[in-house]
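The values are calculated or read from the model by the stated rules, or taken from the named source; none is laboratory data. Because the structure is predicted, anything quoted here is derived from the model rather than measured. Positions of Cβ are generated from backbone atoms using ideal geometry, with glycine treated the same way; all protein chains shown enter the neighbour counts.
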Ligand SMILES: [Fe+3]
Ligand SMILES: [Mg+2]
Ligand SMILES: [Zn+2]
Ligand SMILES: [Zn+2]
């Protein structure tokens, strides 16, 4: 039979995921000769053999690829027969023009878990156990190609045993770059809050004793520090709240296993799949009972829970511990800590002791937050396990999109790949801003990207805008809500104009006002604002965001003027009332907003649910939480037309809510009717816009769509009316998702030769 | 006569009455009495500092001062900021027809007193009266001339890493007082402008021989704006301690109600001093013993990097970036 020789190039996530041993194995299976190697461009293969085997090999290459790999492209060339006498795995090559994808960090696999739990295994109880199918990647990679020398594992020379595994193509640890064992790998130790080692025979036993006694522990995890305490110990939870100065914001939990989790929460099939998958986000689940301390997530119907994703986590669930609080190790508003000394410096006051290790984290990554709505996973915070998986978008050039001010995530692209960075945080502080700069620099260097298009928000005072101004390249300023909608369009590959509904907190509008309740007809180039909420005054600017009672007062002032009466439920003092009237009367620092978030705040404020917030959107979240939906009579509203746009006049809603409050109607019913009202006018407005413009594709975006009642009902009722409705899945609907939209819009504008900011 | 009329600005008889009956009465000095088109000043030796400013404040009388006093202090303070000894000022009024003569006399008297206090002579002046509605009551322009000692080099470009930043007292007093009045706030809060003369205290500071790098009065745009300018001129970072910045309780309350940050609010009698670290305590001591600096405090340090920006170490442990305001402060948070 005739022999042929073929050269095959495979690109995508093909490094550090066991791709070469897989190639080796299928080459042996098909009796082929040749070689495979790893380059910065991807995996290169030469195979020789008969046609039938070659075809089978090529089929297996894509069909049976290892679970963590993601094949983007396979290029095949025919070459003259050479006559290799064996199949070999060759050494990695560097240099060439780069675009290899980096794998996210991967949750521990079943086999590794078994090893650390098996007393007879060499890796029993070893917290840094990993293999080709699992373990750290993104967080430890300093440069490409992905090789131990280019990771923070460089400083741990492998022992002979590990080296053998590493070299054996048929071993699970063949070329597992972070491979390590108790003899040669990183170490873990316990310290007091100042970083002095605690002398103990068995650190895990000692840690267990302390956790049971209510200690707060700073644990250096995979992508950064986590603050850990016993979730069943209310005193410990309260202590953590006090020390972290975090009175209400829910804490995330880690539970021993799925069985434990099911005791407290409802879990459907899709949720189970996510909980036990390789990405292991914090998943928001409906509570089944009140079996855990209320202080974990005060006033919430849901809990954010993840399952252990590193060997270290599994080891924490010692003895009777089965529920741990596991929240980011940072000072409120600052980035997650990821270096031992700095963590000791910054978190020493919060924790009672530290569990440290000496495997350095090169790039910190927070836990991701996700949930399932309408049968699909919908990310709220896209970070560990997901970053830096790229989103493929045709025709984009090297671009940096700087993202938003709060919950910043940036996006940077090269050759049709948009790399979405990990969650950075709120750009209010120098520390977070520097973290942002460092991460952008890392992405530029690791992927070899020199962006020549710089996209940023229209808001002149976002720090991400300030950063963009200092970069070189074509700058494109993009309206916040256009970016929200475009981001969802890009996620679904939509190319025709849509009706975009952006229900959001705050975004700078083209009229210099604050937008956030917007109906935009848009494509990637531009938008037309065809509808929005009526403008409301925000007395005290940003302070009105932090104090929902101010929005309530503003609404009342708009209706009643100085003679307004504040409902008792608002718990506002006479002095506060006099002062807020003065502020509104003289319009001192009272910007106008059309924000849906502020409308929710107004109602939360009127009902006295939340006078002052302690975490973002607390008012709206609690309003959703108490809603009783049994009554579906909406409040009155009017659709008016102003400058060719529909304006939803929401004042009658407020008027009727005040009447209800005066009549003594329960807050839960008012909240329910308010939701119903928002849903009704949303649908009605869509129908009107459809009649006028003939567009039936609807895209929902903006942080307010984290409200499940709203998202579901708007989806159901629009679908019933034959609209095609698109919602976010892998990209957050909140500001953590706008960078993708910015990136796509900026590319389109530059290509059209129009970078004059907005429409 | 009770009101100012267009005739008062015409150069005729009414003008002369105004000059002789009012201005000479309050500003009398040998140079002004020369009475010619231009005043001739004696010979200077050394470098001359010049500064000019126009004052268009509303309301013109406010707790802690009035437009007259402010127009002298403002220009004299600006001269003093360069290290100069203020000597002379000129004065130009633009007055709205119908303005009360009594109020004008109050303002003129206040100017006379302020000039005396500052040790400057008013050496030239002008008065225009314009039709009702063309200006808001009264506008005043002053130009000051001072003399600069030989060895003085003070300027926004001189800050070096390690230097200390001192503020002479509580911030935001003037801006909040004016806002409360102008907007007719019915507040129980007592607010008073800090409108005051800084040249005396500066003289004493310079007399210590300390290495003073920068002197600035954080007027419009407040402390944040002034420090941002310095950070860019000197290409350094300025790091403040939030807790160290003195703010009056009343000012803080007013700012909380309005959602404003006192650090962005105007002052009219405050001084920022940037001085070599080793001289900081001595300078602070001198300031504290001067009536204009009794609440003085060291509020921060000059750092190498990041350059061109101002930071505040917050009480919870973060470092807030204090941006140069881009006009109206618009909400960024969701
Ligand atoms: Fe947004
Ligand atoms: Mg001036
Ligand atoms: Zn494994
Ligand atoms: Zn080993």
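Within the option set B:324, B:287, being assigned to a loop (DSSP other than H, G, I, E, B), touching a strand residue (DSSP E or B) at 6+ places or on another chain (Cβ under 9 Å) and buried (at least 17 other Cβ atoms within 10 Å of the Cβ) holds for one residue only, B:324.
Taking residue A:410 as the residue in question, decide whether it is in contact (Cβ under 8 Å) with a residue 12 or more places away in the chain, within 16 Å of ligand 1 (Cβ to nearest atom), buried (at least 24 other Cβ atoms within 10 Å of the Cβ) and more than 14 Å from chain B (Cβ to nearest Cβ). Steps first, please.
Working: in contact (Cβ under 8 Å) with a residue 12 or more places away in the chain: yes; within 16 Å of ligand 1 (Cβ to nearest atom): yes; buried (at least 24 other Cβ atoms within 10 Å of the Cβ): yes; more than 14 Å from chain B (Cβ to nearest Cβ): yes.
Taking the combined requirement at face value, the residue satisfies it.
Applying the criterion of being touching a strand residue (DSSP E or B) at 6+ places or on another chain (Cβ under 9 Å) and within 10 Å of ligand 3 (Cβ to nearest atom) to the residues of the range A:116-134, the residue that is farthest from the other protein chains (Cβ to nearest Cβ) is A:133.
Does residue B:64 meet the test of being modelled with pLDDT under 85 and either more than 16 Å from ligand 2 (Cβ to nearest atom) or within 14 Å of chain A (Cβ to nearest Cβ) (or both)?
Working: modelled with pLDDT under 85: no; either more than 16 Å from ligand 2 (Cβ to nearest atom) or within 14 Å of chain A (Cβ to nearest Cβ) (or both): yes.
So residue B:64 fails the test.
Among the residues of the range A:392-445, those identified as assigned to a loop (DSSP other than H, G, I, E, B) and closer than 20 Å to residue A:104 by Cβ are A:393, A:403, A:407, A:409, A:410, A:415, A:416, A:421, A:422, A:423, A:424.
Is it the case that residue B:155 is surrounded by fewer than 18 Cβ atoms within 10 Å (Cβ to Cβ), farther than 21 Å from residue B:312 by Cα, in contact with a strand residue (DSSP E or B) (Cβ under 8 Å, 6 or more places away or on another chain) and touching a residue at least 60 places away in the same chain (Cβ under 8 Å)? It is true that residue B:155 is surrounded by fewer than 18 Cβ atoms within 10 Å (Cβ to Cβ), farther than 21 Å from residue B:312 by Cα, in contact with a strand residue (DSSP E or B) (Cβ under 8 Å, 6 or more places away or on another chain) and touching a residue at least 60 places away in the same chain (Cβ under 8 Å).
Going through (1) over 26 Å from residue B:272 (Cβ atoms); (2) more than 16 Å from ligand 2 (Cβ to nearest atom); (3) touching a residue at least 12 places away in the same chain (Cβ under 8 Å) one by one, residue B:90 falls short only on (2).
Look at the range A:244-273: where a residue is in a loop (DSSP other than H, G, I, E, B) and a partner is buried (at least 20 other Cβ atoms within 10 Å of the Cβ), sitting 6+ places away or on another chain with Cβ atoms under 6 Å, you get A:250/A:297; A:251/A:296; A:251/A:325; A:251/A:327.
Buried (at least 20 other Cβ atoms within 10 Å of the Cβ) and in contact with a helix residue (DSSP H, G or I) (Cβ under 6 Å, 6 or more places away or on another chain): which single residue out of A:636, A:632, A:602, A:668 fits that description? Answer to the selection: A:602. Among residues of the range B:52-71 that are more than 11 Å from residue B:195 (Cα to Cα), those with a beta-carbon under 7 Å from a residue that is surrounded by fewer than 16 Cβ atoms within 10 Å (Cβ to Cβ) at least six positions away or on a different chain give the pairs B:58/B:136; B:58/B:182; B:59/B:182. Does residue A:199 satisfy being free of Cβ contacts under 8 Å to residues at least 12 places away in the same chain, away from ligand 3 (no atom under 15 Å from the Cβ) and farther than 30 Å from residue A:26 by Cβ? Here the answer is yes, as residue A:199 does meet what is asked. On the basis of being surrounded by fewer than 20 Cβ atoms within 10 Å (Cβ to Cβ), more than 16 Å from ligand 4 (Cβ to nearest atom) and touching a residue at least 40 places away in the same chain (Cβ under 8 Å), does residue A:376 make the cut? So residue A:376 fits the description; yes. Among the residues of the range A:381-397, is there at least one that is modelled with pLDDT of 95 or more and surrounded by fewer than 20 Cβ atoms within 10 Å (Cβ to Cβ)? No, the range A:381-397 contains no residue that is modelled with pLDDT of 95 or more and surrounded by fewer than 20 Cβ atoms within 10 Å (Cβ to Cβ). Just wondering, is there one or more residues in the range A:157-166 that are away from ligand 1 (no atom under 16 Å from the Cβ), closer than 21 Å to residue A:313 by Cβ and away from chain B (no Cβ under 14 Å)? Taking every residue of the range A:157-166 in turn, none turns out to be away from ligand 1 (no atom under 16 Å from the Cβ), closer than 21 Å to residue A:313 by Cβ and away from chain B (no Cβ under 14 Å).
Of the helices (runs of 4 or more DSSP H) lying entirely inside the range A:109-225, those carrying at least 3 residues that are away from ligand 4 (no atom under 15 Å from the Cβ) and modelled with pLDDT of 95 or more are A:110-117, A:203-212.
Taking helices (runs of 4 or more DSSP H) that do not extend beyond the range A:500-598, which have at least 1 residues that are within 11 Å of another protein chain (Cβ to nearest Cβ) and touching a residue at least 60 places away in the same chain (Cβ under 8 Å)?
On the way: elements: A:542-546, A:548-560, A:574-585.
Per the criteria, A:542-546.
Exactly one residue out of A:101, A:61 is surrounded by 20 or more Cβ atoms within 10 Å (Cβ to Cβ), more than 16 Å from ligand 2 (Cβ to nearest atom) and modelled with pLDDT under 90, and it is A:101. Among the candidates A:681, A:705, A:674, single out the residue that is away from ligand 1 (no atom under 16 Å from the Cβ) and either assigned by TED's automatic domain parsing to the domain that holds residue A:284 or touching a strand residue (DSSP E or B) at 6+ places or on another chain (Cβ under 9 Å) (or both). Going through A:681, A:705, A:674 in turn, the sole match is A:681. Of all the residues in the range B:224-251, those that are out of contact with any strand residue (DSSP E or B) (no Cβ under 7 Å at 6 or more places or on another chain) and in contact (Cβ under 8 Å) with a residue 40 or more places away in the chain number 11.
Please verify whether residue B:268 is buried (at least 20 other Cβ atoms within 10 Å of the Cβ), touching a helix residue (DSSP H, G or I) at 6+ places or on another chain (Cβ under 9 Å), part of a loop (DSSP other than H, G, I, E, B) and in the same structural domain as residue B:224 (by TED's automatic domain parsing), treating the condition exactly as stated. If you could, list the steps in order and put the result at the bottom.
Details: buried (at least 20 other Cβ atoms within 10 Å of the Cβ): yes; touching a helix residue (DSSP H, G or I) at 6+ places or on another chain (Cβ under 9 Å): yes; part of a loop (DSSP other than H, G, I, E, B): yes; in the same structural domain as residue B:224 (by TED's automatic domain parsing): yes.
When the stated conditions are applied, residue B:268 passes them.
Go through the residues of the range A:499-509 one by one and say whether even a single one is more than 15 Å from ligand 1 (Cβ to nearest atom), farther than 14 Å from residue A:596 by Cα and surrounded by fewer than 24 Cβ atoms within 10 Å (Cβ to Cβ). No, the range A:499-509 contains no residue that is more than 15 Å from ligand 1 (Cβ to nearest atom), farther than 14 Å from residue A:596 by Cα and surrounded by fewer than 24 Cβ atoms within 10 Å (Cβ to Cβ).
Flag not set for residue B:109, criterion: buried (at least 18 other Cβ atoms within 10 Å of the Cβ) and part of a helix (DSSP H, G or I). Residue count for the range A:449-466 satisfying the condition of being within 11 Å of another protein chain (Cβ to nearest Cβ) and outside any loop (DSSP other than H, G, I, E, B): 5.
Among the residues examined, residue B:44 does not qualify as surrounded by 14 or more Cβ atoms within 10 Å (Cβ to Cβ) and under 26 Å from residue B:80 (Cα atoms).
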